[in-house]
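The values are calculated or read from the model by the stated rules, or taken from the named source; none is laboratory data. Note that this is a predicted model, so its numbers are computed, not measured. When we count neighbours, we look across all protein chains shown, and the Cβ atoms used for this are built from the backbone with ideal geometry, even at glycine. For the accessible areas, the whole protein counts, side chains as well, though only heavy atoms, and no ligand, DNA or RNA atoms are used. Shrake-Rupley method; radii C 1.70, N 1.55, O 1.52, S 1.80 Å.
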Amino acid sequence: MNTEKVNNTAAGAGELDLAVGRIAWAYVFYYLDINLGSINVLPEWAAYALILSALPGLAAAERSAALLRPLAWLLLTLDAAEWAAGIFGADLTGSVFYLVNTLARVISLYFHFQLLTNVAAIADGIDSQRAAGIRRLRNVCVIFNTMLAIPWPAERLGNVLQGVIGFGFAVIACVIIIWSLSVLFGLRRALRGEAPRG
């Protein structure tokens, strides 16, 4: 038996396990907001920093994941600028920055769609049902985030209807958060179980 090959396979599986774990933790930062005054202590830019650190390990199994690197840097920079501006009381969400924010939303939609596509492709090597679940999650996330990005004419809706729609969106968001974290941390556990023992 070629022990060098076994060790290389174990190292690759360990690297992939670490990468998926970082992506799972990145989505904790991406989805959850905990504010102390005007400061978000779980900023989105930290999610992109974690994803950037995970991309080399992910790209070892899915080469197209490496193509996400420039977009991750761009989203990290934009989110860090908005976060820093918030600390100093500046607002980067006004009409002046409308085009930049719209472009960032479009890039973010594509980025997360492709990232979850790469994660699903990796899951295919472990369990096709798990991979199918990740692809379903990816599709639901894209549809929901697209709906959130559309400028709805809220002022034309009555207060009751606004409340019902807002509550419905909040419930869907909670389901997506729980589903995402469950799927990603579950994949990390599965990868740990698949890693060969040296």
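How much length is gained if the chain between residue 148 and residue 192 is pulled fully straight, taking 0.36 nm per residue apart and subtracting their Cα-Cα distance, in nm to one decimal?
Value of the extension gain: 12.3 nm.
Please arrange 175, 20, 142 by accessible surface area, largest first, computed with a 1.4 Å probe and ligands excluded.
175, 142, 20
Round to the nearest 0.05 the FRET efficiency obtained for residue 39 and residue 172 when R0 = 22 Å and r is the Cβ-Cβ distance.
So the FRET efficiency works out to roughly 0.20.
Under unit Cβ charges (Lys, Arg +1; Asp, Glu -1), what dipole magnitude, rounded to 20 debye, does the chain have relative to its Cα centre?
Using Cβ point charges on Lys, Arg, Asp and Glu, the chain gives about 480 debye.
Starting from the residue with the highest accessible area, list 97, 88 in decreasing order, probe 1.4 Å.
Greatest to least solvent exposure: 88, 97.
In nm, give the distance between the simple-model label positions of residue 110 and residue 179, each being 7 Å from the Cα along the Cα-to-Cβ direction.
The two pseudo-label positions are separated by 2.5 nm.
Enter the angle in degrees (range 0 to 90, nearest 10) between the Cα long axis of helix 44-61 and the first principal axis of the Cα atoms of the chain, meaning the one along which they spread out most.
Approximately 30 degrees, to the nearest ten.
Before rounding to the nearest 500, sum -39500 (n - 2.57) across all DSSP H runs of length at least 4 in the chain and divide by the residue total; then give [θ] at 222 nm in deg cm²/dmol.
Taken over the chain, the calculation gives -27000 deg cm²/dmol.
Over region 106-198, what percent of the accessible surface lies on carbon and sulfur atoms, probe 1.4 Å?
Answer for region 106-198 is 65 percent, counting heavy atoms of protein chains only.
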